[in-house]
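One structure is given below, encoded as structure tokens.
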């Protein structure tokens, strides 16, 4: 099987019907986010690289057709028109790392553009959610390093890998995830769990053994039995061994702010000024923000569970909607879910007062166009982007983000406007649909 | 690379240290859930089969050692003691499908038992969360079929596959996920999206084309432009084509309860008594419960986003703790995170008044032991379990679950008790640790 079976069934039934009806003209689908989740002043675009990988490799092979036939209870011959379909279309999108709700426009023959929907939504939705949550942690930490400890609670290993990569995209300093660190070139972090202390019996034995096994800077976990005593023991061992610079102690439970103050006092009293304090345990951007504002002497924040699953907003209200078929703009009118028709461009203007316009408006609106052509005829326009490139986009956009959008609590997201041309088209298409395309409820049957 | 790099770095640093210290005696780690998430009266154990697959295949090969060395900035020779490690230990666990907070006890030489922590937590945590959410949907639907539409919003494709499988484990009637339906032997469901209607122009043209392409029962999506008119159009087409039994209309927006009443009226007026009504669009167990209680004439509930990501509780407060090393019971004392020492068994007693006891208590407590030996010397005790086996366990347990735990809103989870022996051991081990293992905060440095 290729990746073509990673799909909702209805993409297949629709594609089959399009093919049997001869409806293979060019279609444009637009992926966009209807509304930001609560407590989000911005979103960081992510997932596009995974989507381009998927589209580059997309091909319905004979095994896929067998699977489609099997789940539909049909014969493979019935689904033969799907065999060999590849994605040879165009993709225009806001590249990864930009601070902007994701927007991807895919143009291809209708069956192909439809078939890829599920995967495209899945990746953009999940990766944008997590990248945006990670970015808020970086803002909350206000210059302190943030590291990713999420792998044990993400929704599978694949999701854990993405969390590590997306954290790095927005400035995380490291990850506990070995495979992700290796393949994405990230700094791997992590030293010991409570079990390590327990296996040795005394904390001191454990700390000394760890330092023996791991030459170089070490981090001692100090809260297995009693945090204050654990810090004192760690300090004694660090002093005895002549360690300190580059080393750290980790607090993983209790009142992290208060314990950090006590820990700092003990470390300083032992002249361990350069020994850092790492805090972990249920942290998210709200908790980090509170600790930073209270001036807790914490040097590094390790975030995990709540970030890796994007706990307060684990999904986006995103959609992948047909906006044009065979050069005809189309839209949906369902209550509260009206979609704007036509192919679009988003123009970044000062203060993030973005304008959503039609792609070919004349004269072109002011502002910097955010959607770029990233795939043509099924080929990437440029090489697979390095993580650094996305990180630079993020940092550049972050510098210009309005303060109200950056705040952790009750942020205000910048509002985008529709252009005059696009607003007029919405009115025109609605009028056309109401006049020509809707059924008649009266005496209809 | 094998699966051994799917891990937090600290498992590797600890294992390396255990090996260099000669600490390779038998350890038992216990995976358990500290507290149920809000709005959960029960959890459904899931993820164990994935864990057993992982453990069966676990092996640190030379490529893995290279990866470990690379991310640690060490030479592969430094990590040579890890090379070739396999999992040849024992696993006792509550099997998949049981209604019980997950509990897994892994016994192996300390390094191996430590190295597998991250993956074990990842799978048990995620799969139990989603299975439990799905089970609540089944309860809310009160006998109406529930189907899974979550793939487009799960945290990656792997998570989507699990959601489909776990839904089926607790009684879902189908899934939109093609690959999962095929490999897990599930019923695949789904017909058309709004884009299909829009591509044709009129709803009637779209419905007729779909019926032409897909002989057999069809489901028409009726809310693209105006739901009531859409139902009337669907009814007319179904009548004209002599369809009806096995067919359905799908409502995907608006006030689903009110629209279902109107849709039923229109369908019945057209003598389409056997045409069913499917509802979708942002549904979870709370929304399904409200619709069922209001006696909305909805036949099938399609749940997606909120279920696939387990939106209101996307993680569990689970832990993987060392409870015994070299026959010595151990525990952690950190504030609010005390762990009970020793290897355990859980006894199911009438009314779910479970007793958590030591595994070898004499005389054995009353009740049915829930932890089974599922792996010995790294080999599964029985064949890979069929999904049907887990489903039967779930259905059996569900029949005995107290009503207070089954309710959707403000459920009351049954409370488990610790046995007298286990309570005494907690006290004894705490006393031992306080006397012998903790550092001294006074004049320590």
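Within the option set B:299, B:317, B:312, being touching a strand residue (DSSP E or B) at 6+ places or on another chain (Cβ under 6 Å), in contact (Cβ under 8 Å) with a residue 24 or more places away in the chain and surrounded by fewer than 19 Cβ atoms within 10 Å (Cβ to Cβ) holds for one residue only, B:299.
Is it the case, given these coordinates, that residue A:323 is closer than 17 Å to residue A:108 by Cα and touching a helix residue (DSSP H, G or I) at 6+ places or on another chain (Cβ under 8 Å)? It would help to see each step written out before you state the result.
Values: closer than 17 Å to residue A:108 by Cα: yes; touching a helix residue (DSSP H, G or I) at 6+ places or on another chain (Cβ under 8 Å): no.
It is false that residue A:323 is closer than 17 Å to residue A:108 by Cα and touching a helix residue (DSSP H, G or I) at 6+ places or on another chain (Cβ under 8 Å).
Is there a residue being closer than 26 Å to residue A:218 by Cα and in the same structural domain as residue B:389 (by TED's automatic domain parsing) anywhere in the stretch B:29-45?
First pass over the stretch B:29-45, keeping only residues closer than 26 Å to residue A:218 by Cα: B:29.
In the following step, the residues that additionally are in the same structural domain as residue B:389 (by TED's automatic domain parsing) were identified as B:29.
Yes, the stretch B:29-45 has at least one match.
Strands (runs of 3 or more DSSP E) fully within the stretch B:281-371 that include at least 1 residues being closer than 22 Å to residue B:415 by Cα, at pLDDT 95 or above and within 11 Å of chain A (Cβ to nearest Cβ): B:318-325. You will find that of B:272, B:291, B:238, B:267, the residue that is within 30 Å of the chain's Cα centre (by Cα) and crowded, with 19+ Cβ neighbours inside 10 Å is B:291 and no other.
When every residue of the stretch A:73-88 is checked against the conditions, at least one turns out to be farther than 27 Å from residue B:186 by Cβ and touching a strand residue (DSSP E or B) at 6+ places or on another chain (Cβ under 6 Å).
Taking the criterion of being surrounded by 12 or more Cβ atoms within 10 Å (Cβ to Cβ) and closer than 16 Å to residue B:137 by Cα, the residues of the stretch B:405-435 that qualify are B:405, B:406, B:407, B:408, B:411.
For residue B:404, indicate whether it is part of a helix (DSSP H, G or I) and modelled with pLDDT under 95. When the stated conditions are applied, residue B:404 does not pass them.
Summed over the stretch B:259-271, the residues that are in a helix (DSSP H, G or I) and in contact with a helix residue (DSSP H, G or I) (Cβ under 7 Å, 6 or more places away or on another chain) give a count of 5.
Suppose we keep only residues that are over 16 Å from residue B:214 (Cβ atoms) and within 25 Å of the chain's Cα centre (by Cα) within the stretch A:1-24. Which one would you say is surrounded by the fewest Cβ atoms within 10 Å (Cβ to Cβ)? So the residue we want is A:2.
The values are calculated or read from the model by the stated rules, or taken from the named source; none is laboratory data. This one's a predicted model, so the numbers in the text were calculated from it and none came from an experiment. Every residue, glycine among them, receives a Cβ derived from its backbone with ideal geometry; neighbour counts consider all protein chains shown.
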